[in-house]
Every structure is written in structure tokens, then in C-alpha cells.
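Note sheet for the following structure.
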There are 4 protein chains.
Amino acid sequence: MEMEKCACKRSKKRTDEELKPLFNRLSRVEGQIRGIRRMLEEDAYCVDVMLQISAANKALSAISAELLKSHINTCVVEDVSSGKTETAAELAMLVERLMKG
Amino acid sequence: MEMEKCACKRSKKRTDEELKPLFNRLSRVEGQIRGIRRMLEEDAYCVDVMLQISAANKALSAISAELLKSHINTCVVEDVSSGKTETAAELAMLVERLMKG
Amino acid sequence: MEMEKCACKRSKKRTDEELKPLFNRLSRVEGQIRGIRRMLEEDAYCVDVMLQISAANKALSAISAELLKSHINTCVVEDVSSGKTETAAELAMLVERLMKG
Amino acid sequence: MEMEKCACKRSKKRTDEELKPLFNRLSRVEGQIRGIRRMLEEDAYCVDVMLQISAANKALSAISAELLKSHINTCVVEDVSSGKTETAAELAMLVERLMKG
């Protein structure tokens, strides 16, 4: 798919101030996933496991929302400003895909 | 809210070629909503009503996805290209809001 | 599909107390859809149209959530209590489908 | 909240045949999360990170869908059959919560 092909060629330098909260959020998600594993090992009630999965999903989506906001306000703005409108087209495709869930 | 305030001041001229499929899709949604009303009036089974509501939701979301793609590729590209980066910030907020469902 | 085939044979009697709020909500959705049509006719800004679509989607989903709650607490409970466990299997399929968006 | 309170008192014995695919899926999610961390460490392009997060979200949701199907067809059917209709009410609340995303 075009979106990934073009993305592979690119990278994004993030400052420590940007990375720290992202890594913190990710550590929390990793803890939640370990929790789900432990719950299954310990015969936890289905409803509890599903609520924990729902919490992990929300935490992951919050990371993605953070990245998307930053992506639009940095990469998209910079690229479109300098005439690379394909970053806008790529964004349109990405958002469509993310919205499908 | 900032997003709406700034949006009110703006409008978007659409060509007949853009409007026609949007109106067609909207007519289909209107038919689906009338269908839901009729189903409730005729004691339809809950599951059938929910499947019809789900279809109407999907049809509405498809209109929104179409508008979003067009918005990014026209309004956002034009505004950011001419230095109005607040349209990108507005987009970031919009997408966050749409993703919450 | 099995789900719809079996559903067609069934119906659900709703009291006026149940129907009234459903019809009220549906009337609101119909008003929102008319609003979307008018916005497109009047060259409304994309973001405004998308926010209106999002509101209509939420209103429709709220009707579906209401029906689902009632379906589980009436049809599912009654059928499963009297040994018709296929209503539970049907519910499992329905929820999976609704969750896909 | 009532849902969690009542759930804490309960557990669900799963067979090895049920657990194995759940643990396999969970291992895949853990790999995806490690991938996201590595991507951020290696300055991966925002779009790639978001696509990876989206994949992890989908994998987690698939586990939840699996658990929900099994929950309805076992716990809910058994409890409702033996007169414990509060498991149906609990399910209605759970589904409402899961659908909010």
C-alpha cells in the first residue's frame, strides 16, 4: 500500500520532552497487558478481563491521538507549507483507516 | 468552543459534482431513518431495528469520511499553504473529537 | 445470514411508554439529518457539517444502546429462561457486528 | 460501580483449549507493544507508529470479542437459565460501556 511505502522512507525526530510522556503511557499499557495475562491465568471473571482490555485499548488510543495531533501540527504543516501536499493526502487515508477502528 | 466559533465564519463552495453524491447518500440515510421509524411502529424485532440503525450509522459515517478527505485535500492544503496553520490545529481537534465516536 | 433469517420470524411488542422516548429521539435525528442537508445546500464549512454528522451518529447510537439494553433484559432473559439459548448466540453475533462500528 | 463490585466476587474456569489461543493472541499484542516502543526509540515516522498502534488495538479488541462471545454463551446462559437475571443486566451495562470505545 502506498501509505506505508512512502512512510518507510521517512522518520521523525522527537525531543525528550515529547518522548517521555509517550514512554510513560506505553509503560502503563504494558502493565495493563501483563494484568490481562495474569487475570486469564488466575481464572478472572470474563467481565473483569473485558473491562481491563477496554482500559488498555483506551490508553493505546490516547497515545495515537497524541501522535496524530503532533503529526498534523508538525509534519503535515511543514510538508504542505513547502509544497509537499502528498502528506495531506496520506493523512486523509490514515484518518479514514484509523476511524474504521 | 473555539473550533465552532472559528468555523462559523467560514463556508465551503462545493461543485454540483461534489454535491450530487453527497445528496444521494443523504437521501439513502433519510430512507433508512424512515425505515427505523416504521419498524418501531410495526413491532419489529429488536435485533432487526439495531441492524438497521447500524446501517444508517455506517452510511452517515461514510458521508463524514468523504467530507473529511475533501476537507484535508482542499481547505487544509490551501490554508496551510498560505500560512493559515490554524486550519491544521482545527483539524487535529476535529479528528480527536470524531474518533471519540 | 442466519441472524436476519431467524429475526424476520419474530417481533417485539413495545408499550407506549417505551415507544414515546424512542420516537422523540428519532424525530431529533430526523431534524439533524435535515440540518445536514440544509448545511450542504448553504455551502456550510466542512468542519461544521462533520460535527453535525457526528451528533446525528451519536443520537442514533444512543437509540441503539437503549434498544440493546431492553433487548437483553427482556427478549434474551425470557428466551434463555425458557431454554431458547439461540437468542443468546444471536446476541453474541449482533454485539460483535455492532462493535465493528 | 455495581458492575465491578459484583464481578470481583466471581471467577471463570477456562479450559486449556480456551486459554491457549487467548495467550497466543496476547503474546502477539505484547510483541506489537514492544514494536511501538522500539519505533518511538528509533524515530519512526508518526504514521507508521499510528498504524502499529491501530493494529495492536484491533488485536486487543479481537480478544475482547472472543471473551464476550464465550461469556454470553456460557456465563450469561447458565446464570439466566438458573434465574440469576442480574448477569443479563450486568451484560447490558458492559456492552454499553464497551461500545463507547
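The values are calculated or read from the model by the stated rules, or taken from the named source; none is laboratory data. For clarity, every value in this text was computed on a predicted model and none was experimentally measured. So basically every Cβ, Gly included, is an ideal-geometry build from the backbone, and we count neighbours across all protein chains shown.
Restricting region C:46-72 to residues that are among the hydrophobic types (A, V, I, L, M, F, W, C) and more than 17 Å from B:A65 (Cα to Cα), the residue that is farthest from the chain's Cα centre (by Cα) is C:I72. Is it fair to say C:R38 is assigned to a helix (DSSP H, G or I), among the basic types (K, R) and facing chain B (nearest Cβ under 9 Å)? In short, no.
Residues in region C:43-58 that are of a type in the set (A, V, I, L, M, F, W, C), more than 9 Å from chain B (Cβ to nearest Cβ) and either surrounded by 18 or more Cβ atoms within 10 Å (Cβ to Cβ) or out of contact with any helix residue (DSSP H, G or I) (no Cβ under 8 Å at 6 or more places or on another chain) (or both): none. The selection criterion, being at the interface with chain D (Cβ under 10 Å from one of its Cβ atoms), closer than 23 Å to B:K100 by Cβ and over 18 Å from the mean Cα position of the chain (by Cα), does not hold for A:Q32.
Of everything listed in (1) more than 9 Å from chain C (Cβ to nearest Cβ); (2) farther than 29 Å from C:K20 by Cα; (3) part of a helix (DSSP H, G or I), the single unmet condition for B:R25 is (2). Candidates in region C:76-94 are the residues that are touching a residue at least 12 places away in the same chain (Cβ under 8 Å) and either closer than 20 Å to B:N57 by Cα or exposed (fewer than 15 other Cβ atoms within 10 Å of the Cβ) (or both); of these, the one that is nearest to the chain's Cα centre (by Cα) is C:L94. Only one of the listed residues (C:V76, C:V29, C:V47) is within 29 Å of B:A88 (Cα to Cα) and not polar (S, T, N, Q). That residue is C:V47.
Is it the case that C:A59 is modelled with pLDDT under 95 and either among the aliphatic types (A, V, I, L, M) or in a strand (DSSP E or B) (or both)? Judged against the criteria, C:A59 is not a match.
For region A:71-85, filtering for residues that are within 7 Å of another protein chain (Cβ to nearest Cβ) and part of a helix (DSSP H, G or I) leaves 8. Looking for something in contact with a Lys or Arg (Cβ under 7 Å, 6 or more places away or on another chain) and of a type outside the set (A, V, I, L, M, F, W, C) - is there at least one such residue anywhere in region B:62-82? No, region B:62-82 contains no residue that is in contact with a Lys or Arg (Cβ under 7 Å, 6 or more places away or on another chain) and of a type outside the set (A, V, I, L, M, F, W, C).
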